[in-house]
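**Student:** Pasting a structure here, questions to come.
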Amino acid sequence: MNEVDEHGFAIRPNKTQQKQALAETRALVIQLIDLSETEQQQLHLTDQTLEALRQAGGMKADSARKRLIKHIIKLLQGQVLEGVKHYFAARDARQQQLNHAFHQLEELRDRMIESGDPVLQEYLDAHTNADRQQLRQALRNARKERDTGKPAGAGKKLFRLLREEVTVT
């Protein structure tokens, strides 16, 4: 029987909240479809859900895929999705960290090209295992490219050297 408030009116679910929850679940399902099978299996979903996700992954975006997505949403309604949401949040946080590190390396490279030896020396002091000769040569070539207006081949090489050093340490 329906619950009743203090005025005797039936308490029904808020349709807006229901639609928002359904839209969130749909977006989650689309993200799940895009995952690899090994990632999907790590999320501890039911076998029926995993099979439906595998089928949806091989389909084009048409009405059959939309029906299958609705079916997956129904399969997920009884399951706790906090683990899945946590997985995507952690994955997004890792990607943001990688992007941030990438941008910091770009800024370091640009500062090295602009300022030259002082910034390079700071870097070499912080990274004692870095190949000094290779970095100095790449920096010299990048500065020469900048001064002559050539394409940034040496600048890219300098960036690769910096990135390799950061991933090693």
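**Student:** Consider the stretch 1-43. How many of its residues are assigned to a loop (DSSP other than H, G, I, E, B) and more than 18 Å from I73 (Cβ to Cβ)? Step through it out loud before you land on a result.
**Tutor:** As a first pass, look at the stretch 1-43 and keep what is assigned to a loop (DSSP other than H, G, I, E, B): 1-3, 5-9, 11-14, 35-36, 43.
Okay, now just the ones that are also more than 18 Å from I73 (Cβ to Cβ), so 1-3, 5-9, 11-12, 14, 36.
Residues that pass the stated criteria total 12.
**Student:** Here are some conditions: (1) over 23 Å from the mean Cα position of the chain (by Cα); (2) surrounded by 10 or more Cβ atoms within 10 Å (Cβ to Cβ); (3) of a type outside the set (G, A, S). K60 meets all but one. Which one does it not meet?
**Tutor:** Single failed check for K60: (2).
Just so you know, all these numbers are worked out from the coordinates, no wet-lab data involved. All of these numbers come straight from a predicted model, not from anything done at the bench. For neighbour counting, all protein chains shown are included, and Cβ atoms are generated from backbone atoms with ideal geometry for every residue, glycine included.
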